[in-house]
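None of the figures in this text is laboratory data; all of them are computed from the coordinates on show. Everything numeric in this text was worked out from a predicted model, so none of it was measured. Cβ sites come from the backbone with ideal geometry, for glycine too, and all protein chains shown count toward neighbours.
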Amino acid sequence: MLDHFTPNKDIKAAEQSKKVREFADEKNIVNFFDVGEVGVEHCLLPEKGMVTAGDLVIGADSHTCTYGALGAFSTGVGSTDMAVGMAYGKAWLRVPSAMSFVLHGKPSKWVSGKDVILHIIGKIGVDGTLYKSMEFSGDGVQNLTVDDRLCICNMAIEAGAKNGFFPVDKQTVQYLEDHGAKPPRVYYADPDAAYEYVMEIDLAELKPSVAFPHLPENVKTFDEIGEVKIDQVVIGSCTNGRLSDFVTAAEILKGKKVAKGVRALIIPATQRIYLDAMKLGLLEIFVNAGCAVSAPTCGPCLGGHMGILAKGERCVATTNRNFVGRMGDPGSEVYLASPAVAAASALAGKLETPENL
Amino acid sequence: MLLKGTVIKYGDNVDTDVIIPARYLNTSDPKELASHCMEDIDKDFAKKIKPGDIIVAGSNFGCGSSREHAPIAIKYSGISCVVAKSFARIFYRNAINTGLPIIETDAEIDNGDELEIDLAAGTITNLTKGETSTFPPFPAFLQGIIDAGGLMNAMKKI
């Protein structure tokens with residue numbers, strides 16, 4: 001899955017990609033995805049039905065924890081662990097203790113999965129669930145779409161978690177069926193399961209949120225945010241590069257123009273999302289609003305390419321990390337937010353909540 | 001194994017993007033990675049390290065990406081060991097798998113302190129402060145990976 005530095009970002013990345021291509025060809029790797037087919041891995045695997053409930057997944061990317069949204073146990077490892085896993089079919093795993101996040105109620109219109117996970121990380125910190133499992137439950141789960149849940153589990157790692165996990169419900173089963181995944185094997189928590197910590201969250205009380213530089217735990221809501229001018233907006237990534245994210249952004253950007261001086265980048269995470277966005281007329285809305293639409297890539301999220309920041313520049317991104325130098329110069333700043341906040345900010349030229357538009 | 005070196009101290013949440021920024025991940029050459037280690041928070045890191053020096057940090061060291069380039073960059077910069085209050089889990093695995101010694105301790109250690117660490121005995125002696133503290137040994141199977149010099153070597157022995 002060549003997603004981080006493709007289309008090849010520079011000569012060195014091209015050489016690396018070439019090596020991978022040659023290896024995949026030599027070994028007849030069936031599930032090898034290159035430019036033209038590839039998407040951001042954590043959006044592409046669920047889309048292709050390659051993960052199902054009950055699977056135990058390891059992946060050589062920290063955001064492998066995304067698939068917990070589908071009822072899989074899924075966690076990131078390094079490349080040596082991955083190579084050993086591929087060669088031997090084995091991995092060592094310590095059974096983590098669990099922390100429970102009980103979700104109640106229904107989020108308001110402009111509150112999405114991103115705001116839920118930012119709220120949680122803001123409360124417990126970037127090491128709040130270090131080496132632990134984040135287990136989500138409660139009547140509020142049914143009011144979160146599968147895309148919301150994928151976004152929430154995606155950022156479990158930003159609280160230090162080993163994995164995130166949602167219970168399988170009708171929506172999950174429908175999603176798995178729609179994407180041709182294997183029949184789910186459903187596991188639920190024991191009724192008397194012991195948790196290290198339980199946090200109750202009323203989704204109706206949550207507000208659009210932003211994580212300020214340089215940690216995902218520096219979360220603020222708009223009543224605490226003054227005027228923060230921005231230079232760039234990125235809507236995409238394994239966190240928020242799915243079709244529903246672009247539907248939301250387009251709803252805000254339709255018939256309007258991105259503020260002068262703001263570069264707005266739209267990066268559908270997979271070819272199918274790109275195509276669906278095109279069919280729905282979303283790409284036209286984005287281009288007419290003055291956004292640049294890119295081919296699927298991880299690109300700017302990790303400061304790879306396609307939107308690197310200069311010193312002093314600020315970006316509102318729907319991505320997952322805002323560490324020092326994450327998207328470019330160490331003197332640049334990344335503000336993490338939902339697609340709705342990112343789109344509203346693109347129009348305003350500063351951090352803005354869609355509630356004010 | 002006895003490690004001896006001067007402490008370079010950092011705070012909490014030292015993330016993989018500052019240990020080795022992603023813009024340099026277009027190479028897997030350990031020396032080249034080491035030349036950019038920590039540069040976004042400590043520009044002179046690569047220049048000032050003496051072989052054997054020890055990184056001491058707060059909680060959640062190595063948070064962020066799964067990039068194995070992070071422990072490799074540290075190891076090839078000449079750092080002999082990373083001592084922290086806690087480690088992010090993927091970094092923890094990657095350090096063991098690539099043979100970078102790491103130790104979890106709450107001992108108070110300051111920048112510039114001289115440390116002597118006995119990995120087998122599980123002791124940290126702060127030569128500057130004249131204090132010795134202990135740390136728990138790794139579980140046997142992890143120690144086996146470390147003794148083999150990393151996971152690749154350990155698997156070859158099975």
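Taking all Cα pairs closer than 8 Å and separated by 6 or more residues, the relative contact order of chain A comes to 19 percent. Other residues within the sphere of radius under 15 Å centred on the Cβ of residue A:42, judged by their own Cβ, net out at -3 (K and R +1, D and E -1).
In terms of the mean number of neighbouring beta-carbon atoms within 10 Å, the peptides A:253-263, B:70-80 order highest first as B:70-80, A:253-263.
If you take every residue apart from residue A:81 with its C-beta less than 11 Å away from the C-beta of residue A:81, what net charge results, scoring Lys and Arg +1 and Asp and Glu -1? Write down the numbers at each step before the final one.
Numbers: positive: A:90, B:93; negative: B:68.
So the environment of residue A:81 carries a net charge of +1.
Counting each DSSP H run of 4 or more residues in chain B as -39500 (n - 2.57), what helix-only mean residue ellipticity at 222 nm follows after dividing by all residues, to the nearest 500 deg cm²/dmol?
Values: 7 runs with 48 residues, N = 158.
That comes out to -7500 deg cm²/dmol.
Taking the square roots of five times each eigenvalue of the Cα gyration tensor of the range A:120-277, the equivalent ellipsoid has semi-axes of 29, 23, 14 Å, listed largest first. Across the range A:56-199, the convex hull enclosing all Cα atoms gives 119 Å³ per residue.
Cross-link candidates for residue A:260: which aspartates and glutamates have Cα within less than 14 Å, leaving aside residues fewer than 8 places away along the same chain? Partners found: A:231. Any idea which of B:3, B:128, A:325 is furthest toward the positive side of the dipole for the protein assembly as shown, if Lys and Arg beta-carbons carry +1 and Asp and Glu beta-carbons -1? Checked the options; the winner is A:325. For the cross-link pairs A:311/A:350; A:220/B:43; A:256/A:350, the ones whose C-alpha atoms lie over 20 Å apart are A:220/B:43.
What translational diffusion coefficient, to the nearest whole µm²/s, does the range B:97-136 have by Stokes-Einstein, given a Kirkwood radius computed over alpha-carbon pairs, a temperature of 37 °C and 0.692 mPa s viscosity? Walk me through the intermediate numbers first.
Values: Rh = 10.9 Å.
Answer from the Stokes-Einstein relation: 302 µm²/s.
Start at zero, step by 10 Å, and the Cα-Cα distances of the range A:306-357 spread as 29, 49, 20, 1 percent across the bins.
Rounded to two decimals, what is the ratio between the C-alpha radius of gyration of the protein assembly as shown and 2.2 N^0.38 Å?
On the way: Rg = 22.5 Å, N = 515, 2.2 N^0.38 = 23.6 Å.
That works out to 0.95 for the protein assembly as shown.
In whole percents, the pair-distance distribution calculated for the range B:60-134 from its alpha-carbon pairs, binned every 5 Å from zero, is 3, 15, 25, 24, 18, 11, 3, 0.
So for the range A:243-309, what are the equivalent ellipsoid semi-axes in whole Å, largest first, each being the square root of 5 times an eigenvalue of the Cα gyration tensor? Can you show the working numbers first?
On the way: eigenvalues 68, 55, 14 Å².
Taking √(5λ) for each eigenvalue gives 18, 17, 8 Å, largest first.
A Cβ-based charge dipole, computed about the Cα centre of the protein assembly as shown with Lys and Arg at +1 and Asp and Glu at -1, lands at about 1060 debye.
For the range A:129-207, what percent of Cα pairs sit more than 16 Å apart? Could the numbers behind the result be given before it?
On the way: 1802 of 3081 pairs.
Distances greater than 16 Å cover 58 percent of the Cα pairs.
Across peptide A:327-340, what mean number of C-beta atoms from other chains lies inside 10 Å of a residue's C-beta? Could the numbers behind the result be given before it?
Working: counts 2, 2, 1, 7, 1, 0, 0, 0, 0, 0, 0, 0, 0, 0.
Rounded to a whole number, the mean comes out at 1.
Amide hydrogen proximity for residue B:81: with H placed 1.01 Å from N in the peptide plane, the residues at 5 or more positions away or on another chain lying under 5 Å are B:55. Averaged over the residues of peptide A:72-80, the number of Cβ atoms from other protein chains lying within 10 Å of each residue's Cβ is 6. Over the range A:189-250, all Cα pairs binned in 10 Å intervals from 0 give whole-percent P(r) values of 14, 33, 34, 16, 4, 0, listed from short to long.
Taking amide H positions as modeled 1.01 Å from N, with prolines and chain starts lacking one, the residues under 5 Å from residue A:309 and 5 or more places away or on another chain are A:328, A:329. The ratio of the alpha-carbon radius of gyration of chain B to the globular-protein estimate 2.2 N^0.38 Å is 0.98.
For the range A:123-130, 3J(HN,Hα) computed residue by residue from phi via the Karplus equation (6.51, -1.76, 1.60; θ = phi - 60°) reads 7, 9, x, 6, 10, x, 10, 3 Hz, glycine and proline entered as x. For a straight C-alpha distance cut-off of 26 angstrom, the lysines reachable from residue B:157 (same-chain residues fewer than eight places away being disregarded) are A:27, A:90, B:75.
If one computes P(r) from the Cα atoms of the range A:215-357, what percent of pairs lie at distances over 27 Å?
12
Quick one: net charge around residue A:221, please, counting Lys, Arg +1 and Asp, Glu -1 for every other residue with C-beta under 11 Å from its C-beta. Its environment carries a net charge of -3. Dividing the helix sum by the residues of chain A, where each DSSP H run of 4 or more adds -39500 (n - 2.57), gives a mean residue ellipticity at 222 nm of -8500 deg cm²/dmol. Counting Cβ atoms of other protein chains within 10 Å of each residue's Cβ and taking the mean over peptide B:21-31 gives 6.
What is the diffusion coefficient of the range A:63-112 in µm²/s, taking the Kirkwood radius over Cα pairs and the Stokes-Einstein relation at 20 °C with a viscosity of 1.002 mPa s? Rounded to a whole number, D works out at 153 µm²/s. Exceedance of the 30 Å cut-off in Cα-Cα distance is limited, within the set A:18/A:182; A:9/B:4; A:114/A:170, to A:18/A:182; A:9/B:4. Across the range A:95-105, rounded Karplus estimates of 3J(HN,Hα) from the backbone phi angles (6.51 cos²θ - 1.76 cosθ + 1.60, θ = phi - 60°) give 6, x, 7, 10, 10, 9, 10, 9, 9, 10, x Hz, Gly and Pro being marked x.
Counting other beta carbons within 10 Å of each Cβ, put A:126, A:186 in order, fewest first. Walk me through the intermediate numbers first.
Numbers: A:126 26, A:186 13.
With the sparsest Cβ surroundings first, the list reads A:186, A:126.
For chain B, relative contact order (Cα pairs under 8 Å, six or more residues apart, normalised by length) works out to 24 percent.
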